[in-house]
1. DSSP loop GluC sites (Glu not before Pro) in the range 541-579 with at most 16 other Cβ atoms within 10 Å of their Cβ, which ones?
2. Going through the DSSP H helices of the chain, which span 24 Å or more along their own axis at the Cα atoms while scoring at least 0.5 as a mean Kyte-Doolittle hydropathy?
3. Under the definition of Cα pairs under 8 Å and six or more residues apart, what whole-number percent is the relative contact order of the chain?
4. If each residue of separation counts as 0.36 nm, what is the full-extension length gain between residue 105 and residue 427 once their alpha-carbon separation is subtracted?
5. If you find the alpha carbon centre of the range 451-476 and of the range 218-266, how far apart are they in angstrom?
6. Within the chain, what percent of beta bridges assigned by DSSP are antiparallel, to the nearest 5?
7. Just to confirm the filter: which chymotrypsin sites (Phe, Trp or Tyr not before Pro) across the range 219-284 are DSSP coil and have at most 14 other Cβ within 10 angstrom of their Cβ?
8. Leaving out ligands, DNA and RNA, and with a 1.4 Å probe, what % of the accessible surface on the range 249-375 is carbon or sulfur?
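The values are calculated or read from the model by the stated rules, or taken from the named source; none is laboratory data. Source: prediction; values computed, not measured. Cβ sites come from the backbone with ideal geometry, for glycine too, and all protein chains shown count toward neighbours. With ligands, DNA and RNA removed, areas are computed over all heavy atoms of the protein, side chains included. Shrake-Rupley method; radii C 1.70, N 1.55, O 1.52, S 1.80 Å.
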Amino acid sequence: MCGIVAYTGYREAYPIVIKGLKRLEYRGYDSAGIALLNGGLNIYKKKGKVAELEKLLEEKKDELHSHTCMGHTRWATHGEPSDRNAHPHYSNSRGIAIIHNGIIENYEALKKDMQMRGHTFHSDTDSEVFIHLIEDVYENNQCSLEDAVRIALTMVVGAYAIVILSKDHPGQLIAARKGSPLVIGIGKDEFFMASDATPIIEYTNEVVYLNDFEIAIVKNNTLTIKNIEDKISTPYIQKLDLELDSIEKGGYPHFMLKEIFEQPKSITDCLRGRVKSASGHLMLGGIRQYANKLIHADRIIFVGCGTSWHAALVAEYIFEEFTRIPVEVEYASEFRYRNPIIHEGDVVIAISQSGETADTLAAIELAKAKGAIIFGVCNVVGSSIARASHEGAYLHAGPEIGVASTKAFTAQVTVLAMMAIMIAHKKGTITESRYQELLVDLEQLPSKIEKTLQLHKLVETISEEFKNARNFLYLGRGYNFPVALEGALKLKEISYIHAEGYPAAEMKHGPIALIDEEMPVVVIALQDSSYEKIVSNIQEVRARKGRIIAIVTEGEEQIRKIADFVIEVPRISEPLSPIISVIPLQLLSYYIAVMRGCNVDQPRNLAKSVTVE
Ligand code: F6R
């Protein structure tokens with residue numbers, strides 16, 4: 001949700017920043033801009049994608065020489081996408097500039113105050129207020145710029161990751177964070193700042209993750225970290241284990257397709273070292289000190305948003321079946337604003353691909369304050385949610401860049417299944433033979449996913465048939481009800497077709513009224529404990545002339561006779577079946593979106609990581 005990138009060092013800064021913005025574009029793409037020191041402090045910005053900005057700057061290449069530059073790609077919150085609302089923003093004197101990711105909640109009051117003091121504003125954004133405030137403090141307190149930033153931070157309410165550039169301080173970058181991510185890359189005689197590590201890894205793998213209420217100052221080729229109380233701390237330098245290949249498209253037309261096809265590998269990586277059926281081994285290394293809290297939990301509360309919430313719904317079925325621990329699944333955005341009842345003995349499991357979703361982070365902070373033990377299930381190593389959790393398990397799915405989440409969902413369900421099976425085994429709520437069977441099933445996931453992906457041509461043909469539909473209904477039961485929700489979400493977000501997911505039996509209570517010969521109905525109808533029931537639901541759709549696309553178990557006969565299209569997926573034990581059945585739905589949404597000419601990796605109005613409320 002807004003991407004920020006900055007560089008200072010011995011190289012030409014603009015090419016590094018523009019390339020970084022392209023890597024960060026999945027975070028927002030409604031406008032982009034840069035600021036650099038080329039004889040003065042100059043800002044160039046443009047509505048639209050980073051490519052639009054680059055086109056604008058093509059003619060100004062000779063002006064862009066600087067060793068210090070910062071850039072921003074925006075996902076609008078306050079103020080429509082436009083040139084004037086694009087970042088960076090100047091201060092009143094135009095001597096300082098800011099790029100900001102987050103929301104300043106008290107910006108109206110601050111703006112009024114600044115206006116009364118003679119400041120003139122040039123945008124509708126909350127971010128511009130921030131830089132006016134910093135300059136106001138700077139001028140009125142006769143302090144250093146870094147102190148002015150620090151004091152201004154105590155006056156704003158909200159979330160931010162900011163970088164500041166000043167015309168009077170060449171080679172200096174000041175950054176700060178609260179609630180929005182910021183990482184600093186440390187090279188030899190050069191420094192990078194960015195919303196995540198993707199623009200940095202090409203140059204260095206040594207990074208420092210800034211914590212909330214910390215300020216980073218790069219000047220005289222030195223990095224200093226201090227907190228809002230002016231206390232200096234030693235930067236904790238981490239080595240990143242991220243390959244450049246993993247953040248590039250690698251020959252695929254879109255990141256989403258690459259990530260769908262990567263799933264045999266991402267699940268292999270997710271299982272690596274954790275499962276060994278031959279020796280009956282199942283271990284999540286990140287869960288140690290608090291393992292007993294999980295095993296003896298009275299209740300487990302899952303929190304997450306979007307696709308991660310769907311993974312939590314699957315986990316509810318798995319945990320209850322295996323561990324016999326009562327489970328609740330909560331939208332993080334609702335949970336955080338209730339006054340949820342948390343007892344001693346309750347455990348909260350937060351699920352988040354990015355590890356930066358603002359609502360999920362706030363939900364766990366609330367639960368923590370009420371005494372809950374928090375486990376994080378995140379993909380991004382070192383992310384805010386991972387760090388705010390007591391313990392957890394990473395997905396190890398590799399970077400997910402396509403805005404529509406695909407490989408993260410399958411890895412989330414895999415990790416959560418491992419967690420449930422591990423607890424159940426320790427608690428003795430599953431038999432030894434069931435445990436063994438499940439370990440074998442887990443190990444077979446990558447090859448079964450591979451086999452499912454071979455169906456892509458069939459799914460493409462089906463997509464052609466339905467690409468002009470205006471609505472879709474997705475139905476599933478039991479473990480595959482959340483898959484129906486996930487399939488509908490994927491279609492909505494990248495193809496803009498209205499789609500609803502329902503538990504198949506709920507159809508009679510309303511949605512069946514929607515069915516006519518125009519309505520495609522995707523039914524996940526595997527040969528599992530709900531099979532007979534879902535066959536009846538398919539009959540009900542057929543009787544109303546709905547067009548049926550059924551995801552079935554290989555060798556299926558009965559449904560083949562009543563469905564318009566069947567997609568046969570490999571047989572797998574029921575609790576793990578969502579990891580397989582979701583794959584044709586990911587492909588269906590992908591192909592339909594491409595056929596409709598939609599921008600699959602950058603769907604309208606969306607951004608990858610929702611770091612604002
Ligand atoms: C859907 C999608 C979103 C995310 C949601 C949570 O394809 O990507 O619904 O799942 O914004 O994001 P994370 O998992 O990063 O917390």
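1. Details: sites: 554, 556, 557, 568; in loops: 554, 556, 557.
When the GluC sites (Glu not before Pro) of the range 541-579 are filtered for loop state and at most 16 Cβ neighbours within 10 Å, 554, 557 remain.
2. Working: long enough: 306-323 (25 Å, 0.28); 407-427 (30 Å, 0.90); 432-453 (32 Å, -0.65); 577-595 (28 Å, 1.57).
Result, helices passing both filters: 407-427, 577-595.
3. Numbers: 1384 pairs, mean separation 72.1, N = 613.
Computed over the chain, the figure is 12 percent.
4. Values: separation 322, 0.36 × 322 = 115.92 nm, distance 4.67 nm.
Gain on extension, residue 105 to residue 427, equals 111.3 nm.
5. Comparing the Cα centres of the range 451-476 and the range 218-266, I get a distance of 35 Å.
6. Numbers: 64 of 105 bridges.
Here the antiparallel bridges make up roughly 60 percent for the chain.
7. Values: sites: 236, 255, 261; in loops: 236.
Here the sparse-neighbourhood loop sites are 236.
8. Here it works out to 50 percent.
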